[in-house]
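Let me begin by presenting the structure, written as structure tokens, before commenting on it.
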Amino acid sequence: MNQNLVMAAVGLSLLATTCLADQNHNLGGNVLGACATFAADGKSAAVTFDANSLSLDITDPLGKSSHLSIPLRYKLQITNRSLYPGSPNACDVYFDREGDLVAIGIDNLQVGIADVKTMEWIGDWDEANAGIASPSFAGFIEGTNSLVVAGEPPAEDSKGIHWGLYATAVFDPSGKQLTPLRIQRYAPDGHMFRRFADGGHNRLWVFRCELVDAPMSRQPLCPVASTSLTGNQQPSSPEFVPSMQKWNRVDLWFYPSAFAAPDLNTIVFGEGTTIWAVNTEAQTIHRLVLPKRPHFPSFEEIGDQVALSPDGQVVAVTVNRSRLAFPFLVDNYVYQGTDIAVIQIDPLRLLGVLRYGRTVYAPTVQGPKPGFAIDHRQGRVTALVYRHGRWEREEFNGVPQP
């Protein structure tokens, strides 16, 4: 299987690479972050931000581009964060279901909402309005123009974070809070579980992984459960517990990083160099091991960034590459670049690898946070990637090479 995957990666057939020069407004400065997404009708939203402002470019399926910008609310905080190694400089962008609104979250500090038809800002507000100590932006709630902010609530004494709890709040595009803070408990006995908010399907997914003092091959399995993210509390779905009949323990997950939810019952997630696709209703698991570059000493690991095509059929994940530096001591790894693996979900297989390289907009010790999005329609896959100081489109056949 690995040989076929390598051939698929090597055989990536690029049909066109377009440098979106008309989308690169005021990008000559120090760009701190970038993100992008596609709508169901094929239009794209590309976002960059520097120390002063946020830049949004909407491109329709015919290639016509429109531009908006807005000042940053927290210039000093965002600039200071960029100076620290490993700083996330997070950027998240979402279309609503109709593709009429686009919502952008910057560094867990600011949310901007734009009307795509009129190309006007209709919202500019602070994620901290939710009253959550560590807010994260989860986009539009399934089929609505309401937006959800989620994360850990503040401690009872308002100092720090109340670890082990999870909170959500819902807002309209203007920033008006529509629901009070809703708190859910997901980490009893002090254990911390990996959690992923899926605003598009109004679900919260929880990986109940508890490590014990034993070799990795003897660790307990990691069940997966979900419940409603907002609204009236829905009964938790039955936990999905992987079966050991087909798998060794080391073939299954411990602490996933990348996560996407193509539909209500299917989740795709990655850890190490492995991708799993799990259908909780059909109780099935599919596993894909990404090919490694044949050189030593090296280290490759799937990052936490992921992009899902609007039709839910293709996912892209970052793969961070490092090498062990001389004199080859443990943990003496040097960052070598980031690749983007493009994967078909059903059946699970590698379509190709985009070599992002070391050209970054905000270099850190742990590597860049590349901005990218993926689209799939009519048998073709389009990747929108920010690199070399500009947005580029790369199109290729959505079929792995034989």
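Every number in this text was worked out from the coordinates using simple rules, so none of it is lab data. On a predicted model such as this, the values are computed, not experimentally measured, just so you know. Quick reminder, even Gly has a Cβ in these numbers, built from the backbone with ideal geometry, and neighbours come from all protein chains shown.
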Handout entry: Cα centroid of region 31-67 to Cα centroid of region 242-275, whole Å
Key = 31 Å
Practice task
Grab the Cα-Cα distance for residue 333 and residue 255, subtract it from 0.36 nm times how many residues apart they are, and report the gain in nm with one decimal.
Solution key: 26.0 nm
Exercise for the section: Provide the per-residue ³J(HN,Hα) series for region 193-199, in order, calculated from phi with Karplus coefficients 6.51, -1.76, 1.60 and θ = phi - 60°, each as a whole number of Hz, with x at glycine and proline positions. Expected result: 10, 6, 10, 9, 8, 10, x
Problem - Likely footprinting exposure, 221, 54, fewest C-beta neighbours within 10 Å first - result: 221, 54
Practice task
Mind checking the full-extension length gain between residue 355 and residue 183? Use 0.36 nm per residue of separation minus the Cα-Cα distance, one decimal, nm.
Solution key: 57.8 nm
Practice task
Neighbouring Cβ atoms within 10 Å as the yardstick, rank 94, 335 fewest first.
Solution key: 335, 94
Problem - Förster radius 60 Å - calculated FRET efficiency between residue 210 and residue 64 (Cβ-Cβ, nearest 0.05) - result: 0.70
Handout entry: Volume per residue of the C-alpha convex hull in region 245-320, rounded to whole Å³
Key = 105 Å³
Handout entry: Residue-span extension gain [residue 217 to residue 117] - 0.36 nm each, minus C-alpha spacing
Key = 30.6 nm
Practice task
With r as the distance between the Cβ atoms of residue 53 and residue 390 and R0 = 30 Å, compute the FRET efficiency 1/(1 + (r/R0)^6) and round to 0.05.
Solution key: 0.95
Exercise for the section: May I ask you to evaluate 6.51 cos²θ - 1.76 cosθ + 1.60, the Karplus curve with θ = phi - 60°, for each residue of region 92-99 and list the ³J(HN,Hα) values in order in whole Hz, giving x for glycine and proline? Expected result: 10, 9, 9, 8, 6, 4, 7, x
Exercise for the section: Order by neighbour count: 391, 253, fewest other Cβ atoms within 10 Å first, most last. Expected result: 253, 391
Practice task
Give, as ranges by residue number, the residues of region 255-295 whose backbone N falls under 20 Å from the point 7 Å along Cα→Cβ of residue 301.
Solution key: 255-260, 269-276, 288-295
